[in-house]
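For reference, the structure is listed below as structure tokens.
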Amino acid sequence: MSTSSRAQSNCPTPPASAVPAGATADTATAAPTQPHGPLYRVELVELHAHLYDLTLHICQPARQQRVSLPVWIPGSYLVREFAQHLHGLRADCDGHAVPLRQLNKNTWEAATPAGAQLLRLRYQVYAYDASVRSAWLDAERGFFNPTSLCLRVHGQESLSHTLELWGSAATQDWQVATALAPITPDAAHADAPHSLGYWQAADYDQLADSPIELGRLWSASFSVRGVAHRLVVSGAGPGFDGERLLRDTQTICQAAIEFWHGAHEAPPFGHYLFMLNARHEGYGGLEHRHSTALICRRADLPQLPLGGALAPALAPTPAQVPALGASDGYTSLLGLIGHEYFHAWHVKRLRPAEYTRYDYDREQHTELLWLFEGFTSYFDDLLLLRAGLIDEACYLQLLAKTLNQVLHGPGRLVHSLAQSSFEAWTKYYRVNENSPNATVSYYAKGSLVALALDLQLRAEGRCSLDAVLRALYQRCQGGPMHEADLLAVLEQCGGRSYAPEIAAWVHGCADLPLPDLLRTQGIDWLTEPAPLAQRLGLRVSETEGLLIKNVLRGSLAEQAGLAAGDEWLGLEVGSASSDCTSNGNTRTANDSTSTTPSAWRVRTLDEVARHAYGQHSVVALVARDGRLLRLPLRWPTPEQPQAHTVRLQRPSKPASPAPASPTPTQAAGAHPVNLLGWPLAASSSDRP
Ligand SMILES: [Zn+2]
């Protein structure tokens, strides 16, 4: 429970003035306006119970003062019902209890006495969600998004909000990281025991957008274009090569700022914070205007060689660091860092018109997530390539992985990107066994639309997608936008209307013309046999036997009657019921592939493939709902539509030449280079 109390009849004031962290080009970090708004005192005392104790002081409360906790956090499009973890809410004025009435799942109303100057609410929040979307507290670490802890005071959202953090002896050596503006304490507060600090937000939106990381943190800073960047890491093991992560993060930030602002301009923020939590398992990030919260696998962090700290002379130089591969966990981490940082421009500032103001009480639908998540997914890997952190081969592998993810999902043929964006709340974020058949990822296919547009624009020689996004940012002044704004800048930069492409690629469901578009840039589209799971139309788990997770629409597995949840136990080959050819005719006795009937226990698809070798059909023995079923299954042939997977190959010939004289758009700074950065006019011998 709380270790101290600040019960008083007058409004508490912040302990001193707010000091914006770093220089600010962003009004969001300006010093707060008067009068003082809500003050939250957050106490980290019951670490083992994972409970934050909160006291909320509301000055000049309304007679019927309403407060509510958000049901979702912007950037993660699912109603998460954070109020499920709020307990013990009570209210008082001058030490006298005030009646509280709960109005709905996340809203309460206090009947404040007439003339009351201060209403005090006290409550606890249970925090044991290790994701970046909610809150966590244990003896090692604290983390929270204010959307999980801080009740919104209706009518006072636009006032400044103050946050106090208090710990105990157990948190004495903890540090705090947040993008909120710190308050320098006055003498009365400076030496308060167990104080972890004071911060201020200009309004509730800024508070809600500012997660807080607490614990024993690895911390370092760098500057890009005069903007202070801080990287903190919790949970890293011994041998963590923080310097390499810091150096690579700085390289990514430089590439992103170069992307949006060219060689000289400063970004639209005065400071930025990366908060990375390393865990045994986990991956993800959430974007904010001045910070991002990230999770990665501890094993994916860069490690010092020899398993220990090295003398500087022995530490590897950048040139000695081995090249990253597409399957390396560290490549994924760098992509994640680039992704969330890119969002500082592309969804936190430039954003769907529906998000002009966030509504914390309900879903907010937009058809534009393909633009904000898809294009960000396209540029995160491309920036790694441009920054020299991955090579062409690695980039093409990452691209092919996304291509195969989309092409192997039947849902792409029935659900458009605009629909997928709008229904993110009920489909993308509510995955079930039928999801691959019913929806398409606006991340993956959205990134392919970005690729297709970029290739088309470059092939027509007037500009690249870089120029389009920069023009869009300028047109909308880094704020709310509509799809019509994108169409307008595409026409302005590309020299013609791209409405047909957007209609077909975003609002339609046909496959994108990527094989041809990639060839215009000299990138070869090759096919090779798909894994057995894809040829059968299955997604499986093999950790505890062979469990079927998904059955793809129109597949051989669906035709056989296999279903999600089945455990594939065995295989019969050569038996009468398995003995039918792919066209349904029974094979003859002198068929060279016929075998003696036999049955086999299987635990992996590799075992299935081994026992089914040479067969036209088999019988799958599966367990379902306590029964055993025999399901005749046609064996895939090379002619099956899903029998292939795509591989992209390093260009074998130069890209098509650029127009003889640059267009005005090119002269104004377009990129006359191909996707991989090769000059379009290069001769074959010039290719790097
Ligand atoms: Zn994203």
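A short reminder: the numbers here are calculations on the coordinates, not readings from a lab. Note that the structure is a prediction, hence the values are computed from the model and not measured. Neighbour counts run over all protein chains shown; Cβ positions are idealised from the backbone, glycine included.
Taking each residue as 0.36 nm, the span from ALA111 to GLN477 lengthens on full extension beyond its C-alpha to C-alpha distance by 127.4 nm.
How much FRET efficiency would the formula 1/(1 + (r/R0)^6) give for ALA353 and GLU281, where r is the Cβ-Cβ distance and R0 is 51 Å, rounded to 0.05?
Once the sixth-power term is evaluated, E becomes 0.85.
Pull out a ≥ b ≥ c, the square roots of the eigenvalues of the alpha-carbon gyration tensor of the stretch 27-215, then state rounded if a/c is under 1.5, prolate if not and a/b is larger than b/c, and oblate in the remaining case. Rounded is the answer for the stretch 27-215, as its axis ratio a/c remains below 1.5.
Of the listed pairs LYS445/LYS549; LYS348/LYS401; LYS105/LYS549; LYS348/LYS427, which have alpha-carbon separations greater than 25 Å here? Correct reply: LYS348/LYS401; LYS105/LYS549.
Please work out how much length the chain gains when fully extended from ARG496 to GLN254, using 0.36 nm per residue of separation minus the C-alpha to C-alpha distance, in nm with one decimal.
The ARG496-GLN254 span can extend by a further 83.9 nm.
One decimal place: the segment GLU81-ASP391 gains 107.3 nm when fully extended, by the rule 0.36 nm per residue minus the C-alpha distance.
Placing R0 at 22 angstrom, the Cβ-Cβ distance between LEU532 and LYS401 gives a FRET efficiency of 0.75 after rounding to 0.05. Calculated translational diffusion coefficient of the stretch 398-458 (25 °C, 0.890 mPa s; Stokes-Einstein with Kirkwood radius over alpha-carbon pairs) equals 206 µm²/s.
Taking 12 Å as the cut-off, the amide N atoms of the stretch 206-242 that come nearer than this to a point 7 Å along the Cα-to-beta-carbon line of ARG298 belong to 234-240. A Förster radius of 30 Å combined with the Cβ-Cβ distance from ASP516 to SER327 puts the calculated FRET efficiency at roughly 0.60.
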